[in-house]
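K.L.:
Following this message is one structure expressed as structure tokens.
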Amino acid sequence: MNETERDELLIRMDERQKAIYTITLNQETHLAKLNSKVADHVLKIAFNQEKISNIEKFIENGIPVRFTKKQYTAAGISAMTLISTLIIAVGKMIGWF
């Protein structure tokens, strides 16, 4: 191997090494993006599993309903209004009013 062949070989090896370095950098960047997406998906899956377990608990035990005093009052007023409206409507149909 003479001097020019050796220099050409070294140049080709240097170019190959640069190409390999560039490809490796691109692969590492791509892998970092994929890892962040996987970590995000793992968190979302864990959050969804927690939601599903809460829903399953509600299905098994029923949903606890606690009304406030204002809600009881509003429901009572609504029921009284409905009953009085029905009485008036039936009374008009029968001829009381």
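K.L.:
How big is the equivalent ellipsoid of the chain along its three axes, where each semi-axis is √(5λ) from the Cα gyration tensor, reported in whole Å from largest to smallest?
P.N.:
84, 17, 10
K.L.:
Okay, moving on. 222 nm [θ] for the chain, helices only, -39500 (n - 2.57) per DSSP H run of 4+, per residue, to 500?
P.N.:
Estimated from H runs of four or more residues: -32500 deg cm²/dmol.
K.L.:
May I ask you to list the trypsin sites (Lys or Arg not before Pro) in the range 49-81 that are in a DSSP loop and have at most 12 other Cβ atoms within 10 Å of their Cβ?
P.N.:
Details: sites: K51, K57, R66, K69, K70; in loops: R66.
Those satisfying the criteria are R66.
K.L.:
Would you order V65, V38 from fewest to most other beta-carbon atoms within 10 Å of each residue's own beta-carbon?
P.N.:
Starting with the residue having the fewest Cβ neighbours, the order is V65, V38.
K.L.:
Another question, then. Kindly write out, for the range 3-10 in residue order, the coupling ³J(HN,Hα) from the Karplus curve 6.51 cos²θ - 1.76 cosθ + 1.60 (θ = phi - 60°), rounded to whole Hz, with x marking Gly and Pro.
P.N.:
Once rounded to whole Hz, the list reads 5, 5, 4, 5, 5, 4, 4, 5.
K.L.:
For labels at F97 and N2 in the simple 7 Å Cα→Cβ model, what's the distance in nm?
P.N.:
About 12.0 nm separates the two model spin labels.
K.L.:
Follow-up question, since we're still on this one. If you plug each phi of the range 40-55 into the Karplus form 6.51 cos²θ - 1.76 cosθ + 1.60 with θ = phi - 60°, what whole-Hz ³J(HN,Hα) values come out, in order, with x for Gly and Pro?
P.N.:
4, 5, 4, 5, 5, 5, 4, 5, 5, 5, 5, 4, 4, 5, 5, 5
K.L.:
Let me ask something else. Sum up the charges of everything whose Cβ sits under 14 Å from the Cβ of E50, counting Lys and Arg as +1 and Asp and Glu as -1, but leave E50 out. Display every interim value, and only then the final one.
P.N.:
Values: positive: K44, K51, K57; negative: E56.
Within the 14 Å Cβ shell, the charges total +2.
K.L.:
What does the charge add up to near M13, with Lys and Arg as +1, Asp and Glu as -1, over the other residues with Cβ less than 14 Å from its Cβ?
P.N.:
-1
Since every read-out is calculated from the coordinates, none of them should be taken as a lab result. Every value quoted in this text rests on a predicted model; they were computed, and no experiment measured them. All Cβ positions, even for glycine, are placed from backbone atoms using ideal geometry, and neighbour counts span all protein chains on display.
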